[in-house]
Amino acid sequence: MLTKKKKIIVLVSMLVLLVITGFLNIILNNTTEEASTSLNSEYSSSSFFSTCRADRTATRTETMDYYNEILNNQTSSAEAKVNAEAQINSLIEAMSIEVTMEGLIKAKGFTEALVNYSSTYINVILQSAELTEMEVAQIVEIIQSQVERDIDYIKIIPVE
């Protein structure tokens with residue numbers, strides 16, 4: 001049976017791999033888009049956002065299942081159960097913030113937006129060839145209206 005520290009390490013490793021997969025997907029899509037037609041480009045972007053959302057949902061489902069197993073396991077310590085509840089609440093809060101930010105960004109006229117929120121950073125991936133300073137300022141304003149985060153911890157990535 002895995003110890004608590006090993007379980008946490010496995011969970012953190014899965015989250016890091018998800019982020020790395022997302023960024024690799026962006027890089028590969030950018031390379032593919034340069035060689036493809038406009039129609040193919042739109043399909044790649046839509047596919048990218050769908051894939052990222054599916055990956056994010058799958059990872060979060062696994063994470064929630066993991067914490068629910070701790071909560072439902074009678075051999076889990078009280079401390080482990082409290083920690084699992086806190087992690088579940090944190091994850092639910094992050095999901096809520098991401099969905100809200102994505103909706104607000106789309107309301108500003110962007111076709112697609114994908115937000116990845118954590119306690120330390122926020123990544124915003126947008127379907128756009130390039131962004132103007134005014135668009136970046138609008139996005140930063142949306143993010144800062146939802147969470148208190150210094151601009152140094154916000155990354156905005158346009159994806160064509």
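Checked against the criterion of being part of a strand (DSSP E or B), within 20 Å of Thr57 (Cα to Cα) and touching a Pro at 6+ places or on another chain (Cβ under 9 Å), segment 106-125 has at least one qualifying residue. Kindly provide the set of residues from segment 130-151 that are of a type outside the set (A, V, I, L, M) and either part of a helix (DSSP H, G or I) or surrounded by 14 or more Cβ atoms within 10 Å (Cβ to Cβ) (or both), ordered by number. Across segment 130-151, the qualifying residues are Glu133, Glu135, Gln138, Glu141, Gln144, Ser145, Gln146, Arg149.
Exactly one residue out of Glu102, Glu79 is at pLDDT 90 or above and in contact with a strand residue (DSSP E or B) (Cβ under 8 Å, 6 or more places away or on another chain), and it is Glu102.
Per the conditions (1) in contact with a strand residue (DSSP E or B) (Cβ under 6 Å, 6 or more places away or on another chain); (2) part of a helix (DSSP H, G or I); (3) over 21 Å from Leu15 (Cβ atoms); (4) touching a residue at least 24 places away in the same chain (Cβ under 8 Å), the sole criterion not satisfied by Pro158 is (2).
The values are calculated or read from the model by the stated rules, or taken from the named source; none is laboratory data. Since the structure is predicted, the reported quantities are computational estimates derived from the model, not experimental observations. Glycine also receives a Cβ, built like all others from the backbone with ideal geometry; neighbour counts cover every protein chain displayed.
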